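In what follows, a structure is listed as structure tokens, so that the remarks can point back to it.
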Amino acid sequence: QVQLVESGGGLVQAGESLRLSCAASGNIFRINIMAWYRQAPGKQLELVARITSSGTTNYVDSVKGRFTISRDNAKNTVYLQMNSLKPEDTAVYFCNYEDLTGGPSWGQGTQVTVSS
């Protein structure tokens, strides 16, 4: 079982930046994928970005060029640098961990609010 603790959310104005962090602990498999999802009010959960343990990244089109996902494998931590934030980025952001040994693990979520 893997535990995830997110931090870094908050209230910002459009155009500003935030950096989310997610620290993983527990039974971490060497080969894994960590990701950030988000859920806006009244909308479905959406994959924002993911990164494999070897560093391959994927992004949803709406954040390409503005968000950057990265990870520090020594610290078992994944980051999401969010620049040029827009009001439509407002959501609860969840950290996600998956590996080949079992089901996904989820963090508790962190609120990101972008005012116009």
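The values are calculated or read from the model by the stated rules, or taken from the named source; none is laboratory data. Bear in mind the structure is a predicted one, so any value in this text is a computation, not a measurement. Here Cβ is always computed from backbone atoms with ideal geometry, including for glycine, and neighbour counts include all displayed protein chains. The protein model used for the area step is the full one, side chains on, heavy atoms only, and it has no ligands, DNA or RNA in it. Shrake-Rupley method; radii C 1.70, N 1.55, O 1.52, S 1.80 Å.
Quick notes on this one:
- Loop chymotrypsin sites (Phe, Trp or Tyr not before Pro), the stretch 9-116, which have at most 13 other Cβ atoms in a 10 Å radius of their Cβ (DSSP): 29
- Computed from the C-beta positions of residue 88 and residue 56 and an R0 of 22 Å, the FRET efficiency is 0.25 to the nearest 0.05.
- Taken over the stretch 70-116, the convex hull of the Cα atoms encloses 98 Å³ per residue.
- Normalised alpha carbon radius of gyration of the chain [divisor 2.2 N^0.38 Å]: 1.01
- Looking at the chain, the accessible area is 54 square angstrom per residue; that uses a 1.4 Å probe and ignores ligands, DNA and RNA.
- Inter-part distance where the stretch 1-44 and the stretch 78-116 are each reduced to a Cα centre, Å: 4
- About its Cα centre, the stretch 3-116 has a charge dipole of approximately 140 debye under the convention of +1 per Lys or Arg Cβ and -1 per Asp or Glu Cβ, with nothing else charged.
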